[in-house]
Amino acid sequence: MTMRPKRIAILDGPNLNKIGVREPHIYGTTPVVERIEVLKSTFPDVLFYYRQSNHEGVLIDWLHELNEKEVLGIVLNAGAYTHTSIALADAIRSIQIPVVEVHISNVAAREEYRHHSYLSPVVVGTISGFGVYGYHLAVLALLNKLSSNKHVEQIN
């Protein structure tokens, strides 16, 4: 009996296609293609699906679509929609797949309007402020959650 690969989706929201050129002092210089290649080589037993959209409705459609596939977890960087989209939060509530919210910058240390997340209450966890390494941390957290079938313990 062959074992199916673990499948994790990475969804990026608005302007994240500009990582590497947009405000490199905040978001770094690692382009998307390189970030995904590092994940693939770091986690060779995981099959990654990557998508990016600048449109809220497209992200919602993808969340619904992923719920119907054999995806075990989702890493979501919703960008600015984190702070504005009740619709995206509702879409996450409507699916059965664990979602980890990722932010490249430390949003708590930035402008006040970035301090509130509509997504945090409906995801399994949030990773913020570790640059693009946050995606790596999110995959580790998902794999831990999937293997233990428990919530990742919080360190106080």
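The values are calculated or read from the model by the stated rules, or taken from the named source; none is laboratory data. Keep in mind the model is a prediction, meaning the values are calculated, not measured. Neighbour counts are summed over all protein chains in view; Cβ atoms, including those assigned to glycine, are modelled from backbone coordinates with ideal geometry. These area figures cover heavy atoms from the full protein model, side chains too; ligands, DNA and RNA do not enter into them. Shrake-Rupley method; radii C 1.70, N 1.55, O 1.52, S 1.80 Å.
In table form, for the structure just shown:
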quantity: Single residue of the stretch 17-47 satisfying the filter (basic (Lys, Arg) and open to solvent by 60 Å² or more (accessible area, probe 1.4 Å)) that is farthest from ARG110 (Cα to Cα); calculated: LYS40
quantity: Options ILE60, ILE8; residue that is crowded, with 17+ Cβ neighbours inside 10 Å, β-branched (Val, Ile, Thr) and assigned to a strand (DSSP E or B); calculated: ILE8
quantity: Residue match in the stretch 103-115 (condition: assigned to a strand (DSSP E or B) and either out of contact with any strand residue (DSSP E or B) (no Cβ under 9 Å at 6 or more places or on another chain) or open to solvent by less than 70 Å² (accessible area, probe 1.4 Å) (or both)); calculated: yes
quantity: Residue within the stretch 50-71 that is among the hydroxyl-bearing types (Ser, Thr, Tyr) and either touching a strand residue (DSSP E or B) at 6+ places or on another chain (Cβ under 7 Å) or farther than 19 Å from ARG114 by Cβ (or both) present; calculated: yes
quantity: Lone unmet requirement of (1) modelled with pLDDT under 85; (2) touching a Pro at 6+ places or on another chain (Cβ under 8 Å) for ASP45; calculated: (1)
quantity: Given (1) touching a Lys or Arg at 6+ places or on another chain (Cβ under 8 Å); (2) farther than 20 Å from ILE8 by Cα, index of the condition GLU56 fails; calculated: (1)
quantity: Count - residues of the stretch 63-87 that are of a type in the set (A, V, I, L, M, F, W, C) and open to solvent by 70 Å² or more (accessible area, probe 1.4 Å); calculated: 2
quantity: The stretch 61-102, residues that are among the small types (Gly, Ala, Ser) and either at positive phi or free of Cβ contacts under 8 Å to residues at least 12 places away in the same chain (or both); calculated: GLY79
quantity: Hits in the stretch 65-82 - residues which are part of a helix (DSSP H, G or I) and either under 15 Å from the mean Cα position of the chain (by Cα) or of a type in the set (S, T, N, Q) (or both); calculated: LEU66, ASN67, GLY79, ALA80, TYR81, THR82
quantity: Near pairs, Cβ below 7 angstrom, 6+ apart or cross-chain, from the stretch 30-45 (within 17 Å of LEU76 (Cα to Cα)) to any residue that is at pLDDT 90 or above and assigned to a helix (DSSP H, G or I); calculated: ARG35/TYR135; LEU39/TYR135; LEU39/HIS136; LEU39/VAL139
quantity: Tally, over the stretch 116-133, of residues that are open to solvent by less than 70 Å² (accessible area, probe 1.4 Å) and farther than 27 Å from GLU68 by Cβ; calculated: 4
quantity: Residues within the stretch 48-57 that are within 19 Å of LEU137 (Cβ to Cβ) and open to solvent by less than 80 Å² (accessible area, probe 1.4 Å), tallied; calculated: 2
